[in-house]
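Read through the structure below, which is laid out as structure tokens, and then see the notes.
The values are calculated or read from the model by the stated rules, or taken from the named source; none is laboratory data. What you are looking at is a predicted structure, and each value in this text was computed from that prediction instead of being measured. So basically every Cβ, Gly included, is an ideal-geometry build from the backbone, and we count neighbours across all protein chains shown. The protein model used for the area step is the full one, side chains on, heavy atoms only, and it has no ligands, DNA or RNA in it. Shrake-Rupley method; radii C 1.70, N 1.55, O 1.52, S 1.80 Å.
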Amino acid sequence: MIDYTTLKHQADGTPTWDAFLGIILKVAAERQNWQSSELIQRTLEEANLPQSMLQMRYPQKSHDLVMRNRVSFALSDLAISGLLDRPKRGLYLPTRRGQELSKEYGINITRTLIHNKPAYKKYKQEKSNQKKNRQKQENKDLAESQIKEWFN
């Protein structure tokens, strides 16, 4: 178990989403495949968080559990970076790259380290291209509607 007070945390003392990156990879190495809910639960157990933190909820409409949400966010980034494999929705598998990184850094894996992985950079570039293409299409649609309006 980990002493959660040693993890990167916010001003209120709760671990940040990226504090869970190394813990997730450590836990993922325990077996070959994980349902997301099992991996999240096991990660929270490994982090040894107090009940008060585990029960914290966001005040918005969704009222999601804060710590589960943060672990989910970290899971997503690990999958995007190629450090966990996600062959289908809700299923995670440890990858060789993720296991190597876990051995090298332990639980001290940072957001910067993950975001500098080629797979993550490729994902961000693709997202950026999609956004630009959407904006171009919206501008084209707007221009066509303006022209029609002028002629009418």
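Residues that are closer than 23 Å to D3 by Cα and under 15 Å from the mean Cα position of the chain (by Cα): does the stretch 89-98 have at least one? Taking every residue of the stretch 89-98 in turn, at least one turns out to be closer than 23 Å to D3 by Cα and under 15 Å from the mean Cα position of the chain (by Cα).
Of all residues in the stretch 2-43, those satisfying the criterion of being among the hydrophobic types (A, V, I, L, M, F, W, C) and out of contact with any helix residue (DSSP H, G or I) (no Cβ under 6 Å at 6 or more places or on another chain) are A11, A19, A28, W34, L39. For S62, the test of being at negative phi, polar (S, T, N, Q), assigned to a loop (DSSP other than H, G, I, E, B) and open to solvent by less than 90 Å² (accessible area, probe 1.4 Å) is passed.
Among the criteria (1) modelled with pLDDT of 95 or more; (2) closer than 25 Å to R86 by Cβ; (3) open to solvent by 60 Å² or more (accessible area, probe 1.4 Å), the one Q51 does not fulfil is (2). The lone criterion from (1) open to solvent by less than 40 Å² (accessible area, probe 1.4 Å); (2) more than 18 Å from S81 (Cα to Cα); (3) part of a helix (DSSP H, G or I) left unmet by I2 is number (3). Scan the stretch 5-26 for residues that are open to solvent by 60 Å² or more (accessible area, probe 1.4 Å) and either farther than 24 Å from L93 by Cα or of a type in the set (A, V, I, L, M) (or both) and the total you get is 7. Could you figure out which of (1) modelled with pLDDT of 95 or more; (2) over 17 Å from M1 (Cβ atoms); (3) over 14 Å from the mean Cα position of the chain (by Cα) isn't true of L113? It is condition (3) that L113 fails. The single residue among A74, A79 that is surrounded by 15 or more Cβ atoms within 10 Å (Cβ to Cβ), more than 16 Å from N33 (Cα to Cα) and not acidic (D, E) turns out to be A74.
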